[in-house]
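Peer 1: Supplied in structure tokens, the structure appears directly below.
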Amino acid sequence: MKRLFPVLLAFFLVVGCCRNQRHSRNPYNLPIANTMEMYLEQVAENPDTQLVDLEEIIPGIALYIAYATENNFTGVPIYTSPKAFLCRPVAMALAAAQDSLKSIGMGFKVLDAYRPYAGTLYFYKVYPDTTFVASPLSGSIHNRGAAVDLTLIRLDTGQELEMPTLFDSFSDTASHTFTDLPENVLENRALLRGIMEAYGFHIYEPEWWHYNFTNARSYPLRDIAFEELMK
Ligand SMILES: [Zn+2]
């Protein structure tokens, strides 16, 4: 027993350490896939849960991933690459929507898509208001790769259409219920909403830029870094 004691102690220290590490990444014990092994198992079981690179599904899609820059409400880059991933059916629906927008010379500019759960934890720490930042208790639809933040651009100039606010303006003006806006801005917001709803997306009332896909909560929560997905 004397000789066993240090071995047991080491064992408990190691297990305790791993537990703490896991705990800090997932403090509410949510069913989150946070290893590539878990992710690949989910994809093998249900290919619809595969996170696909939006630039591969929609060649030429305009991206401005604010969270890969300092130009976001946290003031620091959250992602190490300006990439956009969505679960396959969500990306396919967005591709079909972009296709139909082309006929009127418009396209999307994607501002955010899949977000690893670690990002949601950090956002809440910086801005603990669950109207504009998802509660880490439930996770964000972005963590499921089933939500997208986006705006509209003119395809010929790449210029953004005027919308009620800038992206991530945490204000009443960002809400779909806010109507004290110039006519063209109301039309632009309605155009984005119309095209998104036609392709299976649903508004999130407080944010004009955020859309959830149908059955969004059926997609699993993930905490897999972009770099892992890009391998
Ligand atoms: Zn969003």
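The values are calculated or read from the model by the stated rules, or taken from the named source; none is laboratory data. Everything numeric here is computed off the predicted structure, so don't read it as measured data. Note that we place each Cβ from the backbone using ideal geometry, even for glycine, and neighbour counts take in every protein chain shown.
Peer 1: Is there a residue in the range 184-201 that is in contact (Cβ under 8 Å) with a residue 40 or more places away in the chain, within 12 Å of the ligand (Cβ to nearest atom) and not in a helix (DSSP H, G or I)?
Peer 2: yes
Peer 1: Just to be sure before I move on: is Gly145 of a type outside the set (Lys, Arg), at pLDDT 95 or above and surrounded by 22 or more Cβ atoms within 10 Å (Cβ to Cβ) in the structure I sent?
Peer 2: yes
Peer 1: Return the only residue of Leu192, Leu161, Leu137, Leu221 being surrounded by fewer than 19 Cβ atoms within 10 Å (Cβ to Cβ) and either modelled with pLDDT of 95 or more or of a type in the set (Ser, Thr, Tyr) (or both).
Peer 2: Of the residues listed, the single one that is surrounded by fewer than 19 Cβ atoms within 10 Å (Cβ to Cβ) and either modelled with pLDDT of 95 or more or of a type in the set (Ser, Thr, Tyr) (or both) is Leu161.
Peer 1: If I ask for residues that are among the hydroxyl-bearing types (Ser, Thr, Tyr) and within 16 Å of the ligand (Cβ to nearest atom), which ones from the range 215-231 would you list?
Peer 2: Tyr219
Peer 1: Spot the failing condition for His210; the list is (1) free of Cβ contacts under 8 Å to residues at least 40 places away in the same chain; (2) crowded, with 20+ Cβ neighbours inside 10 Å, and only one is missed.
Peer 2: His210 satisfies every listed condition except (1).
Peer 1: Just to be sure I understand the filter: pairs with C-beta atoms under 8 Å, separated by 6 or more residues or on different chains, first member in the range 84-108 and not assigned by TED's automatic domain parsing to the domain that holds Gln42 and surrounded by fewer than 21 Cβ atoms within 10 Å (Cβ to Cβ), second member hydrophobic (A, V, I, L, M, F, W, C) and at pLDDT below 95. Which pairs pass?
Peer 2: Correct list of pairs: empty, since none qualify.
Peer 1: Taking the range 152-173 on its own, how many of its residues are among the hydroxyl-bearing types (Ser, Thr, Tyr) and either within 12 Å of the ligand (Cβ to nearest atom) or not assigned by TED's automatic domain parsing to the domain that holds Gln42 (or both)?
Peer 2: Qualifying residue count for the region: 0.
Peer 1: Scanning for something touching a residue at least 24 places away in the same chain (Cβ under 8 Å), closer than 17 Å to Tyr211 by Cα and among the aliphatic types (A, V, I, L, M), does the range 121-131 turn up at least one residue?
Peer 2: no
Peer 1: Out of all the residues in the range 202-214, which are in a loop (DSSP other than H, G, I, E, B) and either aromatic (Phe, Trp, Tyr) or away from the ligand (no atom under 15 Å from the Cβ) (or both)?
Peer 2: Of everything in the range 202-214, just one residue is in a loop (DSSP other than H, G, I, E, B) and either aromatic (Phe, Trp, Tyr) or away from the ligand (no atom under 15 Å from the Cβ) (or both), namely Thr214.
Peer 1: Now for a different question. Out of Thr151, Thr173, report the one residue that is hydroxyl-bearing (Ser, Thr, Tyr), closer than 16 Å to Gln98 by Cα and not in a loop (DSSP other than H, G, I, E, B).
Peer 2: Thr151 is the lone residue from the list that is hydroxyl-bearing (Ser, Thr, Tyr), closer than 16 Å to Gln98 by Cα and not in a loop (DSSP other than H, G, I, E, B).
Peer 1: Output yes when any residue across the range 132-140 is of a type in the set (Val, Ile, Thr), within 16 Å of the ligand (Cβ to nearest atom), without any contact (Cβ under 8 Å) to a residue 40 or more places away in the chain and in contact with a helix residue (DSSP H, G or I) (Cβ under 8 Å, 6 or more places away or on another chain), and no when none is.
Peer 2: Looking for residues that are of a type in the set (Val, Ile, Thr), within 16 Å of the ligand (Cβ to nearest atom), without any contact (Cβ under 8 Å) to a residue 40 or more places away in the chain and in contact with a helix residue (DSSP H, G or I) (Cβ under 8 Å, 6 or more places away or on another chain), one finds at least one in the range 132-140, hence yes.
Peer 1: Sticking with this one: Does Leu40 count as at negative phi, at pLDDT 95 or above and surrounded by 18 or more Cβ atoms within 10 Å (Cβ to Cβ)?
Peer 2: Against the criterion (at negative phi, at pLDDT 95 or above and surrounded by 18 or more Cβ atoms within 10 Å (Cβ to Cβ)), Leu40 does not qualify.
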